[in-house]
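Shown next, in structure tokens, is the structure this report addresses.
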Amino acid sequence: MIYAGKAITVKEIDGGFAQLNFDLEGESVNKFNRLTIEELGAAAEALKGADVKGLVVTSTKDVFIVGADITEFTSLFAGPEEELIANNLKANSVFNAIEDLPFPTVTAINGIALGGGFEMCLATDYRVMSTKAKVGLPEVKLGIFPGFGGTVRLPRLIGADNAIEWIAATKEHKADAALKFGAVDAVVGPEKLMDAAINLLEQVNAGKLDYEARRAEKTSKLNLNPMESMMVFETAKGFVAGQAGPHYPAPVEAIKAMQKHSGMSRDKAIEVEAKGFAKMAKTSVAASLVGLFLNDQALKSKAKELAPKASKVNKAAVLGAGIMGGGIAYQSALKGTPIIMKDIAQAGIDLGLNEAKKLLAKRVDKGRMKADKMADVLNAIDPTLSYGDFGEVDLVVEAVVENPKVKDIVLREVEDQVSEDAILTSNTSTISIDLLAKNLKRPENFCGMHFFNPVHMMPLVEVIRGEKTSEETIATTVAYAQAMGKTPVVVNDCPGFLVNRILFPYFGGFAALMRDGADFQRVDKIMEKFGWPMGPAYLLDVVGMDTANHGGEVMAEGYPDRMGKDFKTAIDVMFEAGRFGQKNDKGFYAYELDRKGKQKKVVDESVYDMIKPVVASSNEFTDEEIIERMMVPLCIETVRCLEDGIVDTAAEADMGLIFGIGFPPFRGGALRYIDSIGIEEFNKIADKYADLGALYTPTEGMREMAKTGKKFFG
């Protein structure tokens, strides 16, 4: 044994070669944490003096290396920029030591190699890839860019234009694509991987391959003349900036780093990369996106804890077809759970099936599915007008109209048709789960399962716990949501649950702004610039003014002190005029079909005359005032949900907003947004609007946090 550690071992193998193997103790995957990097440095030092003719780098685990240990990023990024640069250079000296070994090196990529894992592969002279493996550099998803030499080695290996695409697009590349680009040297079946790697080393030792020339290519300047360099990098910066948008600087900064170090040899180039990496790591965007990743891991961990109590859903059912029911049926069948789709009328069945067919046809058209697979998915949806096969169903999603009396009738009816162990769920957005459970024989088998529209695109499912809901019911519903490819967040019952309870104060802030004379188009533009996918007026058109009106009544009844209103709003005017938004092509905006048949919003000047009686004369608000008046109510209500125990953790609250209503991801969620401002400063901002009422009043808990300097995260 040449070296033995807790993450890495190095031993001599037949043929006079050495094998460096990654197998991080106590973990299901390999990752570059502090321990692994330290051991890689020690292994490189031991290899320098070893009497071997070459090195094969391998992994015992099914994945090669998933990348850096992101759980270490929060503390690492909190330090001074100079310290970050020094840490990066220290880590890079380890990768350089592998690259500079006095004999040829090859990596046998057996599984996923992402981020730092792929950068490890790039440090060796050659790469052999299993047909089952994937490689890529996804760091810009976290608001940073490759920091272990990826921006240096990859462009010198596959060309600057290709490297820019790999880094900016963050795509995971399969073996055939990686070979085509030149990122790997050979692709073989997994059973032949080790033999192929050793064969490469044998060819080098036989003089058939020049590993030193290959190494020199990666450690020298980029082979571009000044004109070529300008054309490649300047063109890419403009295009990538347009794709990424103004709130995500990392992709463009990665290109700038590559451009700057293109004329440098490896060591100087890595210094440029380290400085650029540290600059990005210190941004609020990186803090938010890393936080989102960790929040997502926390959600998965909670779901994993529930898993032992979950029953397998072998067959599901949805009550109420139409667009929503069809979307639920499509998603369930697509992900492998057969589903019955029941309605009381053939027209509803036809609408639901057409929705599923339309979504599947789009997948086929885009090359994401073969036609025979489309047929398999459709066959997994069983349309029916009767309860004939409901005795075989493990879980039912009720998705009929948002009316408590209708839902009560349907739920009691279906409870008599299913087995005693079957779980009933309601896809309600506002109606109390305890109210709906009141007349059920088995309320312990009932909970909410709130999907967001459109089902196939929105990742969130709220799983709503009623007073009598059992843990087994929650666990099974969470597992089914995950099986559908969704992110479930478990919340407790209250008017609006989590997401709608928080969304309606945002609409309340908008209604008051309009009352006070703000132009809804300007508010939309400012909030979109802030990072929302659409402004509040546009969002109301998408949600539907009838839905907003109903939800507003529920919220006002549940929270009259802050969500009741003593004035007629522009939203009320739209509803009373029958301008429901995209549903009937007229709301705050009018809607026309574009060339692709999609709804396109256009300005309808008549709206200004319609709302004139309920708005003050035109009033000029600053951008900052509009943002504050929109965001403060939403943020405070998020805190209330956490304090009231509607949601267990800050991570779940923020993820609910990002996945449910498109809260700007680069801001991390409402609670992380408060942290970024500082709770004391946020309270001061809210207090400026005290005259606007209880929606703008910080909680006592927030006042206490300000005194003690606490944060929601960290």
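Just so it is clear, none of the values below were taken in a lab; they were calculated from the coordinates. None of the values given here were measured: they were computed from a predicted structure. In this analysis, Cβ positions are derived from the backbone assuming ideal geometry, glycine residues included, and neighbour counts consider all displayed protein chains.
Descriptive notes on the structure:
- Footprinting exposure proxy ranking of Glu82, Glu39, fewest other C-beta atoms within 10 angstrom first, gives Glu82, Glu39.
- Length-normalised contact order for the range 313-493 - Cα pairs under 8 Å, 6+ apart - percent: 21
- For the range 1-118, a simple Cβ point-charge model (Lys and Arg +1, Asp and Glu -1, everything else neutral) yields a dipole of about 220 debye relative to the Cα centre.
- The chain, relative contact order [Cα under 8 Å, separation at least 6], %: 8
- DSSP beta bridges confined to the range 313-493 are antiparallel in about 15 percent of cases.
- Entries in Lys304/Lys370; Lys529/Lys565; Lys61/Lys174; Lys405/Lys438; Lys90/Lys218; Lys342/Lys596 that, when Cα-Cα distance is taken, lie over 22 Å: Lys304/Lys370; Lys529/Lys565; Lys342/Lys596
- DSSP-defined antiparallel bridges as percent of all bridges, the chain, nearest 5: 30
- Estimated inter-spin distance, Ala50 and Thr622, nm [label 7 Å along Cα→Cβ]: 6.4
- Neighbour-count order for Glu704, Glu12, fewest beta carbons within 10 angstrom listed first: Glu704, Glu12
- Helical mean residue ellipticity (222 nm; -39500 (n - 2.57) per DSSP H run of 4+; nearest 500) of the chain: -15500 deg cm²/dmol
- Taking Lys31, Lys438 and counting other C-beta atoms within 10 Å, the order from fewest to most: Lys438, Lys31
- Percentage, to the nearest whole number, of Cα pairs in the range 313-493 over 31 Å apart: 10
- The dipole here belongs to the chain: it is taken about the Cα centre, uses +1 on the Cβ of Lys and Arg and -1 on the Cβ of Asp and Glu, and is about 1440 debye.
- All distinct Cα pairs of the chain go into the 1/r average, and the inverse of that average, the Kirkwood radius, is 28.3 Å.
- Set of aspartates and glutamates with alpha-carbon distance to Lys309 below 15 Å, sequence-local pairs under 8 removed: Asp394, Asp421, Glu444, Glu471, Glu472
- Extension gain, Lys171 back to Glu467 (0.36 nm per residue minus Cα-Cα distance, nm): 102.1 nm
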